[in-house]
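Here is the structure we will look at, set down as structure tokens.
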Amino acid sequence: MNTEIISINDEEFNSKLIEAGQIIKKGGLVAFPTETVYGLGGDALNPESSKKIYGAKGRPSDNPLIVHIAKIDDIYKIADGVDERALKLMKSCWPGPLTIVLRKKDIVPYETTGGLDTVAVRMPKNECALKFIELSGGFIAAPSANSSGRPSPTMASHVYEDLGGKIEMIIDGGDADIGVESTIVDLSGDVPMLLRPGYIDILLLKEILGEISIDPSIAGNVSAGDRPKAPGMMYRHYAPKGDMYIVKGNQDAVINKINELVDSDEAAGKKAGIIALEETADNYKCGIIRMAGSEKDEASIAKKIYAILREFDSLGVDIIYSEEFDTPRLGMAIMNRLMKAAGHKVINLKED
Ligand code: TXA
Ligand code: MG
């Protein structure tokens with residue numbers, strides 16, 4: 001299949017976007033930009049489209065898809081139990097990087113929800129995404145537009161790398177603003193539960209909701225029997241091809257350790273990559289050094305991590321060392337993704 005790429009900078013973009021909507025209505029797939037990461041969109045109410053999404057991504061079909069809407073009130077068409085808590089979240093965070101899980105209505109096929117009786121709903125904050133959703137009939141099922149197991153795409157070129165030839169169209173809307181996937185909150189139970197940390201952080205959620213629990217599988221103390229409530233959190237996602245380690249400890253100790261490790265890796269003929277901060281990068285002596293962002297600007301770190309992991313893949317990096325970015329608000333989301341990328345492998349230099 002030929003994958004057409006259209007760009008928001010094209011002269012005939014508006015008419016191309018109408019075509020994108022028609023592709024969705026006919027059951028095809030279109031990747032589109034959102035403020036978090038690029039999504040792989042299909043008609044959420046068409047079971048065949050959802051099956052195609054799983055096929056194109058190579059994703060297990062028990063891993064449910066998020067339904068994206070363009071108008072707040074459309075949530076009532078697909079979800080039950082839109083209560084006071086949901087309304088508060090929608091009012092504070094929509095459009096934006098927050099996904100809410102509620103009981104599904106019959107109109108949403110089980111193919112879209114991976115067999116669950118709940119549905120995840122999000123209204124993205126990206127003009128192009130909102131127009132596209134509206135032109136497509138209003139309900140777009142979209143996982144991140146990467147092949148299953150690869151880092152999520154934050155640029156149209158990442159989408160093409162993974163899905164070129166497998167989907168009808170890619171809408172290029174430039175770099176994603178946020179760079180990590182939406183925060184997911186489950187409201188289908190008595191107490192709201194954070195299923196995936198993201199840009200809307202736990203402190204803000206506590207302010208809005210009063211109380212919220214955290215899925216134990218993301219709280220860091222996972223035991224073998226724990227199954228995360230968001231099925232997708234179970235898979236070894238976001239994985240680079242190289243073997244990856246998070247190095248934790250005080251800044252000087254971390255820098256010294258990484259320098260030592262990279263030195264011996266390179267002596268053994270391996271290509272090593274380092275993920276550092278703008279503030280620390282100059283201290284590394286060898287290896288391929290990439291700056292995630294500045295410690296003074298948490299959002300700049302979140303924005304870059306997936307692109308760096310992909311770049312390391314394309315450079316054929318064998319081994320990756322990342323500093324820990326334990327920042328106050330976004331640290332939870334950033335480290336959740338990096339720990340998964342590393343398969344939870346940590347070199348701990350902390351004294352406790
Ligand atoms: O930022 C985002 O959320 C991006 C953009 C494209 O909107 N989408 C995204 O989708 O990250 P995906 O499919 O890569 O991740 C969706 C996550 C998975 O972990 C899935 O298991 C979980 O949401 N999920 C979806 N529906 C659910 C449900 N009904 N109950 C619990 N978890 C659900
Ligand atoms: Mg994903």
Residue within the stretch 76-97 that is more than 16 Å from ligand 2 (Cβ to nearest atom), touching a residue at least 60 places away in the same chain (Cβ under 8 Å) and within 15 Å of the chain's Cα centre (by Cα) present: yes
Test: residue in the stretch 231-241 that is at pLDDT 75 or above, more than 16 Å from ligand 2 (Cβ to nearest atom) and within 24 Å of Ile308 (Cβ to Cβ): yes
The one condition in (1) touching a residue at least 60 places away in the same chain (Cβ under 8 Å); (2) closer than 21 Å to Ile255 by Cβ; (3) within 16 Å of the chain's Cα centre (by Cα) that Ala299 fails to fulfil: (2)
Count of the stretch 193-214 residues which are buried (at least 21 other Cβ atoms within 10 Å of the Cβ) and away from ligand 2 (no atom under 16 Å from the Cβ): 3
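One line per residue, one yes/no per condition, for (1) among the small types (Gly, Ala, Ser); (2) modelled with pLDDT under 95; (3) under 30 Å from Glu207 (Cβ atoms); (4) surrounded by 14 or more Cβ atoms within 10 Å (Cβ to Cβ):
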{"residue": "Val247", "(1), (2), (3), (4)": "no, no, no, yes"}
{"residue": "Val254", "(1), (2), (3), (4)": "no, no, no, yes"}
{"residue": "Lys270", "(1), (2), (3), (4)": "no, no, no, yes"}
{"residue": "Gly287", "(1), (2), (3), (4)": "yes, no, no, yes"}
{"residue": "Ile301", "(1), (2), (3), (4)": "no, no, yes, yes"}
{"residue": "Ile308", "(1), (2), (3), (4)": "no, no, no, yes"}
{"residue": "Phe312", "(1), (2), (3), (4)": "no, no, no, yes"}
{"residue": "Met335", "(1), (2), (3), (4)": "no, no, yes, yes"}
{"residue": "Leu338", "(1), (2), (3), (4)": "no, no, yes, yes"}
Meets criteria (without any contact (Cβ under 8 Å) to a residue 40 or more places away in the chain, more than 16 Å from ligand 2 (Cβ to nearest atom), surrounded by fewer than 21 Cβ atoms within 10 Å (Cβ to Cβ) and not small (Gly, Ala, Ser)) for Asp190: yes
Residue check, Glu161 at pLDDT 95 or above, more than 16 Å from ligand 2 (Cβ to nearest atom) and more than 24 Å from Ile214 (Cβ to Cβ): no
Filter result (near ligand 1 (Cβ under 8 Å from one of its atoms) and touching a His at 6+ places or on another chain (Cβ under 8 Å)) within the stretch 105-128: Arg122, Pro124
Ile24 vs. criteria at pLDDT 95 or above, away from ligand 2 (no atom under 16 Å from the Cβ), in a helix (DSSP H, G or I) and surrounded by 24 or more Cβ atoms within 10 Å (Cβ to Cβ): yes
Neighbours by Cβ (under 8 Å, 6+ apart or cross-chain): first from the stretch 106-120, more than 17 Å from Ala230 (Cβ to Cβ) and in contact (Cβ under 8 Å) with a residue 60 or more places away in the chain; second surrounded by fewer than 22 Cβ atoms within 10 Å (Cβ to Cβ) and among the small types (Gly, Ala, Ser): Glu111/Ser61
Qualifying positions in the stretch 79-116 - more than 17 Å from Pro143 (Cβ to Cβ) and either β-branched (Val, Ile, Thr) or in a loop (DSSP other than H, G, I, E, B) (or both): Gly81, Val82, Asp83, Trp94, Pro95, Gly96, Lys105, Asp106, Ile107
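The values are calculated or read from the model by the stated rules, or taken from the named source; none is laboratory data. This one's a predicted model, so the numbers in the text were calculated from it and none came from an experiment. Virtual Cβ from ideal backbone geometry, glycine too; neighbours counted across all protein chains shown.
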